[in-house]
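In what follows, a single structure is set out as structure tokens and then discussed.
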Amino acid sequence: MLKANDANIKATKLIIEKITLAVANNPELAAGAARLLEGQTNLTKSLRSLTTLSVIEISDKPQGAYISEDGKKSSNTPEKGYVLNRDHPHFEEAEDYADEKMHYRPTPGDLVIFPGYLEHEFVVDHGIDPFRFIHFNIQAVSKEIVKDV
């Protein structure tokens, strides 16, 4: 007879394998699968509930990505009156990971231009600072095509 921890691990592996197979057979599902797995970290009645006690972490610090200015509430989405939770137990680790993957840390006033085929999104910051988003597409054309324009 399987113990709960062993059964949970087998169930989790099976679910992940099925998700992986679905994405392998239909790459258009990749973004949705990534979002599904991303959400699992915060949903206690999901794959996360199939973990073993050895991977449960206890912390007396707020777990949300954002924290209210008075430090009493946290949220995983930016809301007015909330700031980035730099006291999160894994904040530095996440910041290092993002730095490693991005290789660029924009500062206020920077203009970031990138090819439109790169996956991208933004979240409006409802915090204290004003937020500006400008979107445009540029297409390079040969001088021969526009010479008489």
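Annotations for the structure displayed:
- Evaluation of Glu119 against (1) over 17 Å from the mean Cα position of the chain (by Cα); (2) loosely packed, with under 10 Cβ neighbours inside 10 Å; (3) at pLDDT below 70 (one fails), failing number: (1)
- Verdict on Pro108 being modelled with pLDDT under 80 and in contact with a His (Cβ under 6 Å, 6 or more places away or on another chain): no
- Residues in segment 72-86 that are surrounded by fewer than 12 Cβ atoms within 10 Å (Cβ to Cβ) and over 14 Å from the mean Cα position of the chain (by Cα): Lys72, Lys80, Arg86.
The values are calculated or read from the model by the stated rules, or taken from the named source; none is laboratory data. Here the structure is a predicted model, which is why all the values come from computation and not from measurement. Here Cβ is always computed from backbone atoms with ideal geometry, including for glycine, and neighbour counts include all displayed protein chains.
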